[in-house]
């Protein structure tokens, strides 16, 4: 896509966020989740949600569509950021569906909605050094693909796997022969697959989050996917979460600015108070710096996984701080569900904790930095 | 087997006098800190903790999801049966000690606040807000308020009734303004008191009132008609008064077990005898109540931080990596040590504040600001430490994060409290010219 196309598509995503997603946010603690499927269907029809089906509107230019693989992640990240200005949860559903779809590009299986199960338990032992070894530790030895003649079976556990609703299956990264990484399509109704709900959680309520328990799941030859670099998938996962964090922050900032322009305390509008200006200015600068860093990384065609890890660690922290500062502008109202800022803070904090502890991401950056 | 270089074992190589001067015993900081207190506070702290662990902690997660008014009232009467809800007055009027009134007035509040909120921020707030509702009666300097009303309420409580009190100052158009001198001058107040024969007629609204829905007694502040906050007067209302109703109950991010409700006043008749203190002395009374309540909010924050920390430690002690608990790993140790350090510093500040014979504005605000910011840092750090587990409700850390956030807002936002610190010390450390 050339830059003007990216700009137009981004503007369309912004309109979609304002006109389709935002109106569903007024009901319930996390928006009207009963309308989620309708919203995602609309996102698919509008071309933002990518699937593996070549005829789907988002196949080429949706988040993590074909163009993301060929031209780089900039357009995908821009779409995710705009969708997240209305709801981080919806943006996350689009993100994971897109990741799943991108893994299945060219495969025989072409579900409408998929996701990817890539991270292991992320427990880095101190002796790992070098990016490939660290990534191996990151993906975890948890799931193995064992081949016996013509049959292949998948066994193990993938914790905290994210997906949108109606997810038809997962691309699972597993240890294959010779300790290499295999990618396997596992349908959601596969015999031996159990999806264990993680239970009540803080944010991103629109996503389903489960532990995948794989107990001798039979894998057809046609479901084994060609080898691919897991580092690219991990990098896209992290960059997408960064984009969602920034969009969520921008949405919070919009609410805070509007409130500050209407609320009177101390004899005047609160936006005239230094305390409020410091909060808003702080949030603005954090989001601006984060956005600039993300665009810099997104301008490269191939995803730099190490940079993506560092951005994920740093940027989600800054965005969470920006959102909490925006909430503070609203005082007591910011803490109440009705004003929708506390939801944004819950989503921001979830984005910070998920898919990699900040400390593990920093250690990955430090340990691989010594190679330079 | 520990290494001979471990301090506890290395100590054995010292002669007896040397060993006496070297404390390497592995004991909890809670035990050590408690030992530094005078006996009466030690015993109180232990009692609060026992109650919190037995009655609050087991209910914390469930009450965060949903809690009924009856459950809150039942818990209140349980706490009251232990003497915890009548401590502002000494025996025989209440269950406090004479020392409380003679310069230790904040100690019971801060010790209780930390222990209750270390078990559950929401249930802790529901119990603690009662003292906030009662505080104007004591601090008004009006013996009638104490002997007639506070004693009466304490007798109801002693008889086993859930005579919960609430403190009502915040209004829809005046949040920060009722907690700040400059803002107060131009506060957009809607709750008004009109003088009538033998009493007053009150109309208006109050919002975000903790225990507003379950309270039987309410200390409520209203300005006189056509006058500003300088005419604020404190009235003692009760839930049975005609024209007083509970409006909207907020759905909060955290501390959910304590309701925050709107009170609607539609020409409520309040007899003269229910004026607390002097007519027109409400603003001063309000400011002084905040001087006493802000250290307690600091202690609430310390409790919530401790809750997050303790649950994170439990997780790290029980989750294994490579055959060892997570607490064996240096990066985990570093983060836990930071959390522990911050909690200790915050508690030290609260206890320092409690040592002032009468808490003053800067003391309370400093404690509140520092401790609430610390609670946020510690609880979010705990969430980060747990990774994906950090956002799961069942580990209690994400609940602590949501609970901690409110401590930076109520009792005056931390921004308002920072201004209060400077205001308090003008003429001391600070030399500024006030606006006319």
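The values are calculated or read from the model by the stated rules, or taken from the named source; none is laboratory data. This structure is a prediction, so every number in the text was calculated from the model and none was measured. Don't worry about glycine lacking a Cβ; one is built from the backbone with ideal geometry, like all the others, and counts go over all protein chains shown.
Could you tell me which of the residues A:286, A:258 is loosely packed, with under 14 Cβ neighbours inside 10 Å and closer than 20 Å to residue A:343 by Cα? So the residue among A:286, A:258 that is loosely packed, with under 14 Cβ neighbours inside 10 Å and closer than 20 Å to residue A:343 by Cα is A:258. Beta carbons closer than 6 Å, at least 6 apart along the sequence or on distinct chains, pair a first residue in the stretch A:148-164 that is within 12 Å of chain B (Cβ to nearest Cβ) with a second that is outside any strand (DSSP E or B) for A:158/A:143; A:159/A:121; A:160/B:388; A:162/A:96; A:162/A:207. Taken together, B:4, B:26 contain a single residue that is touching a helix residue (DSSP H, G or I) at 6+ places or on another chain (Cβ under 9 Å), under 26 Å from residue B:351 (Cα atoms), loosely packed, with under 11 Cβ neighbours inside 10 Å and at pLDDT below 95, which is B:26.
Screening the candidates A:278, A:241, A:234 for the property of being part of a helix (DSSP H, G or I), surrounded by 22 or more Cβ atoms within 10 Å (Cβ to Cβ) and within 14 Å of another protein chain (Cβ to nearest Cβ) yields one hit, A:241.
The residues listed here are A:178, A:101; of these, the one that is at pLDDT below 95, more than 30 Å from residue A:366 (Cα to Cα) and either within 14 Å of another protein chain (Cβ to nearest Cβ) or assigned to a helix (DSSP H, G or I) (or both) is A:101.
The residue that is nearest to the chain's Cα centre (by Cα), counting only those in the stretch B:306-336 that are more than 9 Å from chain A (Cβ to nearest Cβ), over 17 Å from residue B:377 (Cα atoms) and assigned to a helix (DSSP H, G or I), is B:314. Here residue B:86 fits the description: at negative phi, within 23 Å of the chain's Cα centre (by Cα), modelled with pLDDT of 95 or more and assigned to a loop (DSSP other than H, G, I, E, B). Scanning the stretch B:412-427 for residues that are in a helix (DSSP H, G or I) and either more than 13 Å from chain A (Cβ to nearest Cβ) or farther than 18 Å from residue A:325 by Cα (or both) gives B:420, B:421, B:422, B:423, B:424.
Among the residues that make up the stretch B:317-328, is at least one of them in contact with a strand residue (DSSP E or B) (Cβ under 8 Å, 6 or more places away or on another chain) and buried (at least 21 other Cβ atoms within 10 Å of the Cβ)? Yes, the stretch B:317-328 contains at least one residue that is in contact with a strand residue (DSSP E or B) (Cβ under 8 Å, 6 or more places away or on another chain) and buried (at least 21 other Cβ atoms within 10 Å of the Cβ).
Screening the stretch A:186-201 for residues that are more than 14 Å from chain B (Cβ to nearest Cβ) and touching a strand residue (DSSP E or B) at 6+ places or on another chain (Cβ under 6 Å) and picking the one that is nearest to residue A:303 (Cα to Cα) gives A:186.
Results for (1) in contact with a strand residue (DSSP E or B) (Cβ under 9 Å, 6 or more places away or on another chain); (2) more than 14 Å from chain A (Cβ to nearest Cβ); (3) in a loop (DSSP other than H, G, I, E, B), shown as yes or no for each residue.
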position: B:183; (1), (2), (3): yes, no, no
position: B:188; (1), (2), (3): yes, no, yes
position: B:213; (1), (2), (3): yes, yes, yes
position: B:237; (1), (2), (3): yes, yes, no
position: B:246; (1), (2), (3): yes, yes, no
position: B:255; (1), (2), (3): yes, no, yes
position: B:261; (1), (2), (3): yes, no, no
position: B:264; (1), (2), (3): yes, yes, no
position: B:269; (1), (2), (3): yes, yes, no
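Among the residues here, residue A:204 qualifies as modelled with pLDDT of 95 or more, within 14 Å of another protein chain (Cβ to nearest Cβ) and assigned to a loop (DSSP other than H, G, I, E, B).
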